[in-house]
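The values are calculated or read from the model by the stated rules, or taken from the named source; none is laboratory data. Predicted model, so just to flag it, every value in this text is computed and none were measured. A quick note on method: Cβ atoms are made from the backbone with ideal geometry, for glycine too, and the neighbour counts reach across all protein chains shown. Side chains are part of the model used for accessible areas, which takes the heavy atoms of the whole protein and leaves out ligands, DNA and RNA. Shrake-Rupley method; radii C 1.70, N 1.55, O 1.52, S 1.80 Å.
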Amino acid sequence: MSKELYNGNNALKAGDGSLLNDKLHSYIEELIPSREPLFIEMEGYAKENKVPIMELVGIEALLQLLRIQDSKKILEVGTAIGYSALRMAEALPNASIVTIERDLERIQAAEEYMSRSKHGEQILLIKGDALEVEELVSGQAPYDTIFVDAAKGQYKKFFEIYSKYLNDDGIIITDNVLFKGLVTEEEIESKRIRNLVKKIDGFNQWLMNHPDYHTVILPVGDGIAISKKKR
Ligand SMILES: C[S@@+](CC[C@H](N)C(=O)[O-])C[C@H]1O[C@@H](n2cnc3c(N)ncnc32)[C@H](O)[C@@H]1O
């Protein structure tokens, strides 16, 4: 993230994208048990190639939510290299995961990692733009969990398209809703980032007031919104 975004916010100055201060973040991270070697390799690949995968504290929170929910069918929007999909598959051996990615290089990397993992068989990778593959995704519905982690400017569209395929008891988890804390920044130099922040804020306002969902935003990882259908 460029320096222009670090506008006097201590959490941002930590430089690790965390919403917590450095010490607390490191403390929690150090308590997290080590992952299998393939996951460590993927974390290294993501760092080296600047692929934005979920950070450790955030993904642990996501996995715990899925365990509590005992999710059996998950839709993920935004596969990247398959890191979160494989972590979900490992955490929930009885679950199947449908995941969507449009970037060819990342699709290739995801396919390779999935073929090397024993959890890969639980995952169906749909290649294409999430705004255009509804028919394929609906064929696998309904879903217990929908996890949205793709282009932040399109969150409302993803939610509107795919919430139709959620079980009545299902939940929708949306990542990055606090966007490194930038949602509270008043002065952001970059026009592109400013517009993105405006979109995320608009999405958060819309989601929190959605007549059909209860939503809570938790300041974990990059900020996750958890939405559950009202009864
Ligand atoms: C933050 S990364 C996903 C990280 C992944 N969930 C993880 O934690 O391992 C977001 C990914 O969504 C993909 N993406 C963004 N917009 C998309 C769209 N409209 N359709 C499909 N994929 C999209 C990007 O190419 C990128 O690889």
With a length cut of 15 Å (Cα positions projected on each helix's long axis) and a Kyte-Doolittle mean of at least 1.0, go through the chain and give me the DSSP H helices that pass.
-> 56-69
Going by the alpha-carbon gyration tensor, a ≥ b ≥ c the square roots of its eigenvalues, is region 51-113 rounded (a/c under 1.5) or, if a/c is not under 1.5, prolate (a/b greater than b/c) versus oblate?
-> prolate
For Lys229, the lysines lying under 24 Å Cα to Cα, once residues fewer than eight places off in the same chain are dropped, come out as Lys72, Lys73, Lys152, Lys156, Lys157, Lys164, Lys199
Probe 1.4 Å, all chains present, heavy atoms only: Leu124 accessible area in Å², nearest 10, is 80
Gaussian network model of the chain, springs between alpha carbon atoms under 10 Å - residue of Leu207, Leu24, Leu56 with greatest fluctuation = Leu24
First check a/c for region 17-122, with a ≥ b ≥ c the square roots of the eigenvalues of its C-alpha gyration tensor; if it is under 1.5, answer rounded, and if not, answer prolate when a/b is larger than b/c or oblate otherwise.
-> oblate
Value of relative contact order over the chain, rounded to a whole percent, pairs C-alpha under 8 Å and six or more apart | 19
Arg67-Val183 pseudo-label distance in nm [points 7 Å out on the Cα-to-Cβ vector] = 2.6
